[in-house]
1. Against the empirical 2.2 N^0.38 Å scaling, what ratio does the C-alpha Rg of region 276-373 come to?
2. Extending each Cα 7 Å along its Cβ direction at residue 67 and residue 241, get the distance between those two points in nm, one decimal.
3. Calculate, for residue 492 and residue 201, the FRET efficiency according to 1/(1 + (r/R0)^6) with r their C-beta to C-beta distance and R0 51 Å; round to the nearest 0.05.
4. Over all directions, average the projected area of the Cα convex hull of region 27-102 and note it in nm².
5. Taking the highest mean first, how do the peptides 426-439, 302-315 order by number of other beta carbon atoms within 10 angstrom per residue?
6. Per 20 Å bin, what is the whole-percent P(r) computed from every C-alpha pair distance within the chain?
7. From the P(r) of region 1-134, could you give the percentage of C-alpha pairs in the tail past 22 Å?
8. Express the Stokes-Einstein translational diffusion coefficient of region 88-220 in µm² s⁻¹, to the nearest whole number, given a Kirkwood radius over alpha-carbon pairs, 25 °C and a viscosity of 0.890 mPa s.
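Just so you know, all these numbers are worked out from the coordinates, no wet-lab data involved. Because the structure is predicted, anything quoted here is derived from the model rather than measured. Cβ placement follows ideal geometry from the backbone for every residue including glycine, while neighbour counts extend to all protein chains displayed.
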């Protein structure tokens, strides 16, 4: 007669054998499909590097190891296809977009800010929201915003003078640029005039400090949200902490109350557009939905603008500090533009005309790409080519680093050469810093404008010298590219100005 202990042992053995069979079947998926793949290891699949190296490092190593158009990996035990060919990337992102219109990352409704923002929204609601938010980034709107960015950039130069030249302090460029972008967002998005750069009390800066500071637990949360959404859902993880979410809500409603008190203007800024959205999506059966939808757009704008732009600016200064010839050529372009305008700041049109500056920014985003991959999920079975059908529900990641470092399009890809983009028009196929297709970055022109305004003022007023070796490490806890120490440079005042 079987004892209870024997029965329990049998149950455990059966469960273990079932689990082994399931995992073995999952981990043989790409082999049975005839796809080259990276060997997985239980339980993380190919994500065992967690918290030891950054995602950009992983995708860069993948592109070096596998010189093929696509490669199979496993996120946990989920088969995932990594696209490394620009032609196939165009199929996924542009030509056959309707098969891959949604992102793969977690968007659980226990986290309204994470679920309802433009980055994570799916289907028709995403399309509607994209159309509603597009007027924020018209040329006329960007022209007016440029004035504020120039003011913030001037204050940025003054802070460098105060703290890093007169005060002889070390320069963490990512933090410095995050502070600059924080001031811009406070005004251009929320209409709040505050200056963290001048040492004023800034609620926006208190919030953005959380965004630019990577630690183990924050890195782990984002890792699960982006790459293991099932686990993120199980633990009800959130893009913003509860404290951060409440902070954004309080700040937003304070701005709304102030506008109501003073009277609304017919403005196409983010706050007014979001209030109009609230009216459109107000549902008596779910009264919180419209508020959550509105706050989520404000939150993701902060997150997207601060993290990526501060990273690009810090890497660009690092590159310029180690390439004095490029820096001098850039200075001469800026100097000529200011002489032509007879001004110490440049307006929107003049900033657009700085072709070499744009080339420096683009080459930085090519070589030191902030977002290593563009994630999508296949919503219907899709024939990629004669050899492979991508099944419904399969995550698809476009490896932007593989494309940006492809020697066929960028000879000697590890070299930083702005001339690659100077006076040349690059196909979107080969430059995916802002994505491509219908789900490309809506804030692309806003990001360029912020970065141009900051770099113009810095390079015109200071020579930038190296503060650390050229070869630098990326932060292992960050899912985007981020300098491990934030980026260190030295500033020397240009006496002739």
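1. So region 276-373 has a normalised radius of gyration of 1.61.
2. 4.7
3. So, using R0 = 51 Å, E works out to roughly 0.95.
4. Mean projected area of the Cα convex hull: 5.7 nm².
5. 302-315, 426-439
6. 22, 54, 21, 3, 0
7. 59
8. D, rounded to a whole number, is 137 µm²/s.
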